[in-house]
1. Label VAL49 and ARG72 with points 7 Å out from Cα along Cα→Cβ: what is the distance between them in nm?
2. If r is the Cβ-Cβ distance from GLU41 to VAL276 and R0 is 51 Å, what FRET efficiency results, to the nearest 0.05?
3. What length, rounded to one decimal in nm, is gained on full extension from ALA129 through to ASP112, with 0.36 nm per residue of separation minus their alpha-carbon distance?
4. Which value, in debye to the nearest 20, gives the size of the charge dipole of segment 53-104 about its Cα centre, when Lys and Arg are +1 and Asp and Glu are -1 at the Cβ?
5. Across 10 Å bins from 0, what is the distribution of all Cα-Cα pair distances for segment 28-95, in whole percents?
Amino acid sequence: MRAPWALLGVASWLLATACGGGSDGSAFVLVGRQARAAGLELRIDGRPVAAGSLPVEVPDPTERVELRGADRPRRLELRAGTLTWVRGPGAVEPLALGTDVRADALYVQAGDAFVRRFAAALGARPPTAAAAGTWMVEGPEALARSSWMSAPPEIFDAEPVPTLRSSPAAAPATSGLGRLLRPPVAASSPAGSPAERAEPDEPSGPDDDDPAALAAAAAASVVGFYSAPNGPHLLLNAEGGFTLGTPDRCGDRHHEGRYRVEDGRVSLENLGLELVVQPDGSLAGSGVRFAARGGS
């Protein structure tokens, strides 16, 4: 009985016409390392939001979004299609996606082995080194998709990438957006931070006698970004969470939940949908086929 219910669930996403929150109408907030270190807290309609190293999506920019810290609360005025970058306690920059900063790229500070897996999970191209310990991740909607991931501790910090029109091709500036292109100061990173410590070699494989290791390896094998020919896209993150996005006339609608991998099948638990892992790495089930995207 599971398959008919799963098909109905997918069909309801594909045929939905009501306007819901999606990336096209969303605003984003990025709380930088200095702001987090100063104890600034992000609240949306009074609800505390864990502001990690990656952007936070606000599907409805008219909601009340506040920064709280040592001083009195500060309300952030958000607009659709913008990123509000909280660089520090007194530095808040509203940036237009596509005009001031790129929507398809993000700078991240992390170890090289982890950032390659992170880029693949976003459906992005292999990352390129931008500075010491800093990588540029480029791919369709990279900034928005990064907000769907639980901010992993392996990412020390993230910053937006200026567009060419907002960042001259000459030598990088010492402040403002141009500072993104200079290497991070080693002294500013705490000892043992992901930006400094060496990544271990990839493990040779799970222990055949360890069920937990086998389960972890099975889950890791499906982490990534998938898309279907008729528009839906599926993100399986490394923490066991999924985001299913389907287009409607107002943009993308997102549904989030948990997934598990067992016997070559990926179960989206909130939807009761099972997808079979195909030999080519795609996921298929209930009349929907998701092709794997991204590089390794």
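1. 2.3 nm
2. Numbers: r = 43 Å, r/R0 = 0.84.
After rounding, the FRET efficiency stands at 0.75.
3. Contour length minus Cα-Cα distance gives 5.2 nm.
4. Values: 8 positive and 9 negative charges, 48 e Å.
Result for segment 53-104 is approximately 220 debye, rounded to the nearest 20.
5. Once binned at 10 Å, the Cα pair distances of segment 28-95 give 23, 63, 14.
Read-outs throughout are calculated quantities, based only on the coordinates presented, and are distinct from any laboratory measurement. Bear in mind that the values here come from a model prediction, so they are computed numbers and not experimental data. Virtual Cβ from ideal backbone geometry, glycine too; neighbours counted across all protein chains shown.
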